[in-house]
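Trainee: Got a structure here, written out as structure tokens. Questions coming.
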Amino acid sequence: MSQERRLFLKTIAASAAAGMAASVTSGCSTTLVNQNINSNSPIAQGKSVMGLVVPKMDVVRIGFIGVGQRGSGHVKHYCHIDGVEITAICDTNEKVLDKSIATVVNNGFATPSRYTGSDLAYKKMLERNDIDIVIISTPWKWHTPMCIDTMESGKHAFVEVPAATTVEECWQLVNTAERTQKNCMMMENVCYGRNELMVLNMARQGLFGELLHGEAAYIHELRWQMKEITEKTGSWRTYWHTKTNGNLYPTHGLGPVSQYMNINRGDRFDYLTSTSTIAVGRQAYASREFDKSHERNQLNYIAGDMNTSVIKTVKGRTIMVQHDTTSPRPYSRHNYLQGTNGTFAGFPNRIALENTPSDINAYYQKDYELALKQWQNNGEKGRKPEFASFHRWDYDLAKWQDKYDHPLWSRMGGEAEKNGGHGGMDFLMLWRMVYCLRNGQPLDQDVYDAASWSVIAPLSADSVTDRSNSKDIPDFTRGVWQNAKPLGVVS
């Protein structure tokens with residue numbers, strides 16, 4: 001049993017036996033909070049890292065673990081971001097490793113050190129003292145152990161989604177970050193999409209009124225990945241559909257909605273309930289696309305084709321989170337936000353407000369007058385035009401972007417779109433990470449976000465197994481959420 005696991009179990013037992021409140025000090029204030037806010041919170045091993053600020057870095061020296069489909073893109077982007085050095089790269093696949101090293105060299109940088117040969121080769125890389133941050137883009141099972149090893153080596157961990165796959169792993173990340181006082185950020189790139197940033201800006205300005213409900217999803221037909229047998233994502237991700245029946249991948253849609261609602265910074269997840277459909281799509285696909293004797297036809301696919309989970313927050317808001325990578329349908333993350341004054345909905349993007357800003361109303365008035373004139377010129381045939389209202393969606397996003405584009409997108413959106421990565425969100429995320437580290441600012445996402453967004457996967461599976469009974473969501477901040485400052489509209 002690992003030292004981290006022994007310590008985890010020990011603190012759980014101590015917390016249950018003591019049955020008493022303890023205090024911790026917030027990383028950004030001296031406010032004392034009740035550590036035992038949530039019965040699932042183990043005793044803290046260090047100080048809160050909420051709002052953690054680390055010493056400014058003139059140059060951010062980067063090491064990479066995993067440079068396959070995702071990691072190689074990060075290497076490419078960092079070759080076009082000022083203030084970084086790519087010190088070392090590690091991968092078990094020498095072909096992709098050499099390709100990323102060539103990318104760095106071809107962009108005029110010094111040749112990074114090369115680590116390969118075994119699954120644990122990354123540990124040798126972590127012994128270096130000329131790396132500040134580590135970018136982890138490996139299969140899911142490696143995310144938590146690699147993050148822990150990175151922080152224990154004195155470096156900051158930046159990891160692909162999800163950051164953890166079990167409740168215990170989530171607590172391991174939190175405990176290690178607090179004990180080492182190192183950043184552990186899950187790189188939820190969708191938080192840096194243009195529309196997601198715009199909705200965050202609109203929500204901060206109160207445009208939707210008091211927030212009530214959100215919807216998030218990862219609906220993305222990925223059956224074709226089952227044909228990736230020996231390498232690439234499908235070679236390992238396919239097996240998750242044989243091990244877990246729940247929401248396997250919650251964070252892409254959930255991250256932005258959580259930021260809109262100030263989760264962990266004024267509100268927090270309280271509990272969830274989850275249900276799944278039958279699991280039939282992947283077996284049908286395997287039967288159609290592979291020989292009867294093929295390994296893909298021998299697997300028992302248990303993950304329901306569609307999973308729907310509903311989260312309740314402490315302040316009474318609700319969030320629906322869906323997952324479906326099997327059904328034939330268009331891509332969607334939902335990105336839905338409902339407030340007392342109206343709604344934003346994504347895929348396709350549309351807005352409906354009861355009380356609209358005066359300059360937006362001017363657009364509506366102009367469109368109404370033009371439509372009315374055309375109706376009159378047509379002999380008043382057909383339905384008479386109506387003035388815009390919350391009963392009809394406004395699909396013309398351009399005027400809303402003109403007024404409410406996030407300052408960060410206004411500043412860097414052009415550069416982000418030029419460099420690409422899911423429409424620029426990947427580049428903007430990586431740029432922002434470096435900007436915060438070089439300027440002594442807290443990151444936009446922290447270990448508490450990583451844990452809270454990732455834990456939905458295992459808890460959804462627990463709920464599905466338990467006839468959709470609700471499951472408590474741990475307070476990974478240990479009460480600090482009550483006084484934490486919401487994420488601002490940064491520029």
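Trainee: Would you check which residues across region 472-491 are surrounded by fewer than 23 Cβ atoms within 10 Å (Cβ to Cβ) and either of a type in the set (S, T, N, Q) or not in a loop (DSSP other than H, G, I, E, B) (or both) and list them?
Mentor: Asp472, Gln482, Asn483, Ser491, listed by residue number.
Trainee: Within region 362-399, can you find the residues that are open to solvent by 100 Å² or more (accessible area, probe 1.4 Å), within 21 Å of Phe344 (Cβ to Cβ) and not in a loop (DSSP other than H, G, I, E, B)?
Mentor: Correct list: Tyr363 only.
Trainee: Answer yes or no: is there a residue in region 239-248 that is in a helix (DSSP H, G or I), aromatic (Phe, Trp, Tyr), touching a residue at least 60 places away in the same chain (Cβ under 8 Å) and open to solvent by 10 Å² or more (accessible area, probe 1.4 Å).
Mentor: Taking region 239-248 and keeping what is in a helix (DSSP H, G or I), we get 239-242.
Still in the running and aromatic (Phe, Trp, Tyr): 239-240.
From what's left, touching a residue at least 60 places away in the same chain (Cβ under 8 Å): 239-240.
Right, trim to open to solvent by 10 Å² or more (accessible area, probe 1.4 Å) and you get 239-240.
Yes; the residues of region 239-248 include at least one that is in a helix (DSSP H, G or I), aromatic (Phe, Trp, Tyr), touching a residue at least 60 places away in the same chain (Cβ under 8 Å) and open to solvent by 10 Å² or more (accessible area, probe 1.4 Å).
Trainee: For Asp426, indicate whether it is within 23 Å of the chain's Cα centre (by Cα) and either acidic (Asp, Glu) or modelled with pLDDT under 95 (or both). Break it down into steps so the answer makes sense when it comes.
Mentor: On the way: within 23 Å of the chain's Cα centre (by Cα): yes; either acidic (Asp, Glu) or modelled with pLDDT under 95 (or both): yes.
Here the answer is yes, as Asp426 does meet what is asked.
Trainee: Sticking with this structure for a sec: Limited to region 287-308, what total is found for residues that are outside any loop (DSSP other than H, G, I, E, B) and surrounded by fewer than 21 Cβ atoms within 10 Å (Cβ to Cβ)? Please lay out each step first, then the result.
Mentor: Narrowing region 287-308 to residues outside any loop (DSSP other than H, G, I, E, B): 287-289, 295-297, 307-308.
Applying the additional criterion that residues be surrounded by fewer than 21 Cβ atoms within 10 Å (Cβ to Cβ) yields 287-289, 295-297, 308.
Residues meeting the conditions: 7.
Trainee: Count, please, the residues in region 168-190 that happen to be under 19 Å from Val480 (Cα atoms) and either of a type in the set (Val, Ile, Thr) or in contact with an Asp or Glu (Cβ under 6 Å, 6 or more places away or on another chain) (or both). Quick ask: steps written out before the conclusion?
Mentor: Restricting attention to region 168-190, the residues satisfying the condition of being under 19 Å from Val480 (Cα atoms) are 170-185.
Narrowing further to those that are either of a type in the set (Val, Ile, Thr) or in contact with an Asp or Glu (Cβ under 6 Å, 6 or more places away or on another chain) (or both): 172, 174, 176, 180.
Of the residues in that region, 4 qualify.
Trainee: When you scan region 418-465, how many residues do you find that are in contact with a Cys (Cβ under 6 Å, 6 or more places away or on another chain) and open to solvent by 10 Å² or more (accessible area, probe 1.4 Å)?
Mentor: 1
Trainee: How many residues are open to solvent by 10 Å² or more (accessible area, probe 1.4 Å) and under 14 Å from Ser468 (Cβ atoms) if we restrict to region 309-329?
Mentor: 3
Trainee: Output the number of the condition that Arg128 fails; it satisfies all remaining conditions of (1) surrounded by fewer than 16 Cβ atoms within 10 Å (Cβ to Cβ); (2) among the basic types (Lys, Arg); (3) within 23 Å of Ser454 (Cα to Cα).
Mentor: Against the list (1) surrounded by fewer than 16 Cβ atoms within 10 Å (Cβ to Cβ); (2) among the basic types (Lys, Arg); (3) within 23 Å of Ser454 (Cα to Cα), Arg128 comes up short only on (3).
Trainee: Further, regarding this structure: Could you give every pair whose Cβ atoms fall below 8 Å, whose first residue belongs to region 80-107 and is closer than 22 Å to Trp431 by Cα, and whose second residue is of a type in the set (Ser, Thr, Tyr) and part of a strand (DSSP E or B), counting only separations of at least 6 or pairs across chains?
Mentor: Short answer, once both residue conditions are applied: Thr87/Ser113; Ala88/Ser113; Ala88/Tyr115; Ile89/Ser113; Ile89/Tyr115; Cys90/Tyr115.
Trainee: Please verify whether region 122-144 includes one or more residues that are touching a Ser or Thr at 6+ places or on another chain (Cβ under 7 Å), over 20 Å from Leu97 (Cα atoms) and among the acidic types (Asp, Glu).
Mentor: So far as region 122-144 goes, no, none of its residues is touching a Ser or Thr at 6+ places or on another chain (Cβ under 7 Å), over 20 Å from Leu97 (Cα atoms) and among the acidic types (Asp, Glu).
Trainee: Picking from Leu207, Leu254, Leu212, which residue would you name as being farther than 21 Å from Ser276 by Cα and either open to solvent by less than 10 Å² (accessible area, probe 1.4 Å) or part of a strand (DSSP E or B) (or both)?
Mentor: Values: Leu207 fails: either open to solvent by less than 10 Å² (accessible area, probe 1.4 Å) or part of a strand (DSSP E or B) (or both); Leu254 fails: farther than 21 Å from Ser276 by Cα.
Criteria check complete, one pass: Leu212.
Trainee: Looking at the structure I just gave you, is Ile135 among the β-branched types (Val, Ile, Thr), over 23 Å from Trp453 (Cβ atoms) and buried (at least 21 other Cβ atoms within 10 Å of the Cβ)?
Mentor: Values: among the β-branched types (Val, Ile, Thr): yes; over 23 Å from Trp453 (Cβ atoms): no; buried (at least 21 other Cβ atoms within 10 Å of the Cβ): yes.
For Ile135, the condition - among the β-branched types (Val, Ile, Thr), over 23 Å from Trp453 (Cβ atoms) and buried (at least 21 other Cβ atoms within 10 Å of the Cβ) - is not met.
Trainee: Keeping to region 309-356, report how many residues are assigned to a strand (DSSP E or B), in contact with a helix residue (DSSP H, G or I) (Cβ under 9 Å, 6 or more places away or on another chain) and of a type in the set (Ser, Thr, Tyr).
Mentor: Residues meeting the conditions: 3.
Trainee: Consider Arg350 against the criteria (1) open to solvent by 50 Å² or more (accessible area, probe 1.4 Å); (2) within 20 Å of Leu197 (Cα to Cα): it satisfies all of them except one. Which criterion is unmet?
Mentor: (1)
Trainee: Another one. Checking the condition at pLDDT 95 or above, surrounded by fewer than 19 Cβ atoms within 10 Å (Cβ to Cβ) and either touching a strand residue (DSSP E or B) at 6+ places or on another chain (Cβ under 7 Å) or of a type outside the set (Ser, Thr, Tyr) (or both), which residue from Ala102, Ala13, Ala22, Ala18 passes? Talk me through it step by step, then tell me what you get.
Mentor: Details: Ala13 fails: at pLDDT 95 or above; Ala22 fails: at pLDDT 95 or above; Ala18 fails: at pLDDT 95 or above.
Within the list Ala102, Ala13, Ala22, Ala18, the selection yields Ala102.
The values are calculated or read from the model by the stated rules, or taken from the named source; none is laboratory data. Model, not experiment: these values are computed from the prediction. Neighbour counts run over all protein chains shown; Cβ positions are idealised from the backbone, glycine included. Note: accessible area is taken over every heavy atom of the protein model, side chains too, but ligands, DNA and RNA are not part of it. Shrake-Rupley method; radii C 1.70, N 1.55, O 1.52, S 1.80 Å.
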